[in-house]
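K.L.:
One structure coming up, written as structure tokens, with questions to follow.
The numbers here are math on the coordinates, done by the rules we state, and not lab data. For clarity, every value in this text was computed on a predicted model and none was experimentally measured. Because the Cβ atoms are built from the backbone with ideal geometry, glycine has one as well, and the counts that use them run over all protein chains shown.
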């Protein structure tokens, strides 16, 4: 059982739902990224998504684009990013960490090398936004050899045939995008998300997490009504941006993450 599978199994046994925060590695710097990983784990994260900064983040909205731009100014690579995860892992208990990336930087690093070093560092899975299952067989195989999960995205526009293919290739959990378009916090949640989760469950027994647009505790609670976990990205990254030059940034972000949980789960 992978660490991701174990995390969702614990939630199910306890009758709970999960919170999956997203942060961009290197924003505002790698040292702070390590501290954020530890504190988000302590704040109750079920899984943490760690974004690999990329120069052309076409699936991301302006908040995460700006985070990538800030991180890229530090001129670090995947090796340094993995070192930060390895250092944080010792105090994160069993909270899984997923690399959230575009394919280009991973391919340039080397898929087999990445898989080996990611597993050694304590990474638990990879989500590649621009890699479809039909083109992911090689990468999926090298990840599986290191007991790493490959997470895939599904969207309201995905056909049933597409959902079946993705379900056949995914492991760990399935990430359901709540609406079409790029990432970004929204005031209202799309009803399409609930319908998408229902459709996914026809083809897969994997847990389903919903993301894109979730920004507060009320929306987290609503998402928990039909999904196994809620992903919060842009709202959390915006909080990092807001306190970018604040010595208490990590504490501010931890408190924001705690505030995303309904009272009984804090």
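K.L.:
Quick one: among 203, 139, 54, which has the greatest mean-square fluctuation in a GNM of the chain with alpha-carbon springs under 10 angstrom?
P.N.:
Fluctuation is largest for 203.
K.L.:
Still on this model: Under a 10 Å cutoff between Cα atoms, tell me which one of 249, 99, 196 has the largest fluctuation in the Gaussian network model of the chain.
P.N.:
249
K.L.:
Given an 8 Å cut-off on Cα distances and at least 6 residues of separation, report the relative contact order of the stretch 59-215 as a percent.
P.N.:
Once normalised by length, the contact order is 21 percent.
K.L.:
If a/c stays under 1.5 just call it rounded; otherwise compare a/b with b/c (prolate if a/b is bigger, oblate if not). Do that for the chain, with a ≥ b ≥ c from the square roots of the Cα gyration tensor eigenvalues.
P.N.:
Here the chain falls in the rounded category.
K.L.:
Run lengths n ≥ 4 of DSSP H only: what is the helix-derived mean residue ellipticity at 222 nm for the chain, with -39500 (n - 2.57) per run over all residues, to the nearest 500?
P.N.:
Rounded to the nearest 500, it is -13500 deg cm²/dmol.
K.L.:
In whole Å, how far is the Cα centre of the stretch 93-115 from that of the stretch 1-55?
P.N.:
15
K.L.:
If packing is taken as the average count of other Cβ atoms within 10 Å, what order do 89-97, 43-51 fall into, highest mean first?
P.N.:
43-51, 89-97
K.L.:
Rounded, prolate or oblate, given the Cα gyration tensor of the stretch 9-137, with a/c below 1.5 counting as rounded?
P.N.:
rounded
K.L.:
If I stretch the segment between residue 12 and residue 245 completely, what's the gain in nm (0.36 nm per residue apart, minus their alpha carbon distance), one decimal?
P.N.:
Residue separation times 0.36 nm, minus the Cα-Cα distance, leaves 80.0 nm.
K.L.:
I would also like to ask the following. May I ask you to order 145-154, 206-215, 161-170 by the average number of other C-beta atoms within 10 Å around their residues, highest value first?
P.N.:
Ranked from most to least packed, the peptides come out as 206-215, 145-154, 161-170.
K.L.:
Please compute the contact order of the chain in relative form: average sequence separation of alpha-carbon pairs under 8 Å and at least six residues apart, divided by the residue count, as a percent.
P.N.:
With pairs under 8 Å counted, the relative contact order is 22 percent.
K.L.:
Just the projected area, averaged over all directions, of the convex hull on the alpha carbon atoms of the stretch 58-199: how many nm²?
P.N.:
Over every viewing direction, the Cα hull of the stretch 58-199 projects on average to 9.5 nm².
K.L.:
Here's a follow-up. For the pair residue 107 and residue 132, how long in nm is the line joining their label points, each one 7 Å along Cα→Cβ?
P.N.:
About 1.4 nm separates the two model spin labels.
K.L.:
Another question, then. Report, largest value first, the span of the C-alpha coordinates of the stretch 30-78 along each principal axis, in whole Å.
P.N.:
31, 22, 17
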